[in-house]
Amino acid sequence: MKNDNVAIGIDIGGTKISAAVVSNGQVISEVLTYKTPDNSKDILNTILEEIESLKDQYKPKYVGIATAGTVDIDNSKVTGSTGNLPEGYNKLEFKKVIEEKLGLKTLIENDANAAAYAEFKIGSGRGHNNTIVITLGTGIGTGIIVDGKLFRGKSGAGAECGHLVINIEKKRRCTCGAWNCWEAFASGTGFAKNAKEMANEIPINERTGILKDKNPDEITTYDIIEGIKKDDPFAVKAYEYWQNLVLIGLISLANVFDPDSIILSGGMAKFINYEKLQKELEKETVVSNVKLFPAKTENYAGLIGAAFLAVEKFSG
Ligand SMILES: [Zn+2]
């Protein structure tokens, strides 16, 4: 049937919920975006509304939902919520309600996994059967493709590389509650924290450049990026320190998975010096030919990937 590859993709995040109709990786409808409601019931109603308003015109067969938090091994429900979604979110029966009310088979996947799958199908990872997609944002999200399939672990909660532990001393707590996770240091939030700590260690009378008129605790990522443009020594040092923290995670992942490529996406990825890190990867890993790329599918990657996964699961 002609519409066998047409699905509605939905991406549920802490600030907004986006939905669109996707066919073979292409968004073919307008993208509907709503602010994420602050109670769980309204989230479900928002999604039902979005599907209703898209389904008559485009006749999709399936629904793919990308969500923050963990998802069970059958891609049927959210099992663990994240702090930025309201209480009771992980009790919502998206699949059951959508299938019963609207008659559309529904798949649920973690948002980082879904975005990685889109990158593998139509982005920088196209043609790479083994690839790792790392989203450097306020946290670090990751999705891993092994032999053309998403790696999900025994319960669906795997591939959380942001929580690789990178230090033995108790230096910094992660949002997950554990100590010294990679994302606590190498995410955008980590970037700003590193810089504040470094600045606080410099005696007041030795603070120059971007540190001169600023309390170290008020330093932002923006200040550092602006400082780099002016060759500010502190900004350059803070930036290089952060980039090396990103690099050590990439080296570990490359050594474990021996992938064709590692792809970086998210707001912080644009600050990466790809050429430099590519050389470091070649030097520091025991595996070879791991190519580092920026992502191509930034916008709507989550909903596109979820739609792809729904079509592949249900169209057989
Ligand atoms: Zn953690």
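Since every read-out is calculated from the coordinates, none of them should be taken as a lab result. Everything numeric here is computed off the predicted structure, so don't read it as measured data. Positions of Cβ are generated from backbone atoms using ideal geometry, with glycine treated the same way; all protein chains shown enter the neighbour counts.
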Can you say what percent of the DSSP beta bridges in the stretch 127-294, counting only those with both residues inside, are antiparallel? Round to 5. 55 percent
Output the 0 to 90 degree angle, nearest 10, between the alpha-carbon long axis of helix 40-58 and the longest principal axis computed from the alpha carbons of the chain. 60 degrees
Under a cut-off of 27 Å between alpha-carbon atoms, report the lysines in cross-link reach of residue 283, not counting same-chain residues fewer than 8 places apart. 237, 270, 291, 296
With Cα springs under 10 Å, the Gaussian network model of the chain assigns the largest mean-square fluctuation among 263, 43, 108 to 43
Calculate the spin-label point distance for residue 173 paired with residue 296, positioning each point 7 Å from the Cα along the beta-carbon direction, and give it in nanometres. 4.3 nm
May I ask you to evaluate 6.51 cos²θ - 1.76 cosθ + 1.60, the Karplus curve with θ = phi - 60°, for each residue of the stretch 73-78 and list the ³J(HN,Hα) values in order in whole Hz, giving x for glycine and proline? 5, 8, 6, 10, 8, 7
Filter on 77/196; 121/276; 121/171; 95/170 - keep pairs with C-alpha separation over 30 Å: 77/196; 121/171; 95/170
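Treat the count of other C-beta atoms within 10 Å as a stand-in for reagent exposure and order 221, 297, 135 from fewest to most.
Sorted ascending by nearby Cβ count, the order is 221, 297, 135.
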How big is the antiparallel share of DSSP beta bridges in the chain, given as a percent to the nearest 5? 55 percent
With a Förster distance of 35 angstrom and the Cβ-Cβ distance between residue 101 and residue 244, calculated FRET efficiency to the nearest 0.05 equals 0.10
Out of 264, 54, 150, a Gaussian network model of the chain with alpha-carbon springs under 10 Å gives the largest mean-square fluctuation to 54
Considering amide H positions built from the backbone, and no H for Pro or chain starts, which residues 5 or more places from residue 164, or on another chain, come under 5 Å of its amide H? 182, 183
Stretch residue 48-residue 204 to full length: gain in nm at 0.36 nm per residue minus the Cα-Cα span? 50.5 nm
Whose amide H sits under 5 Å from the amide H of residue 105, counting only residues 5 or more places off or on another chain, with H placed in the peptide plane? 63
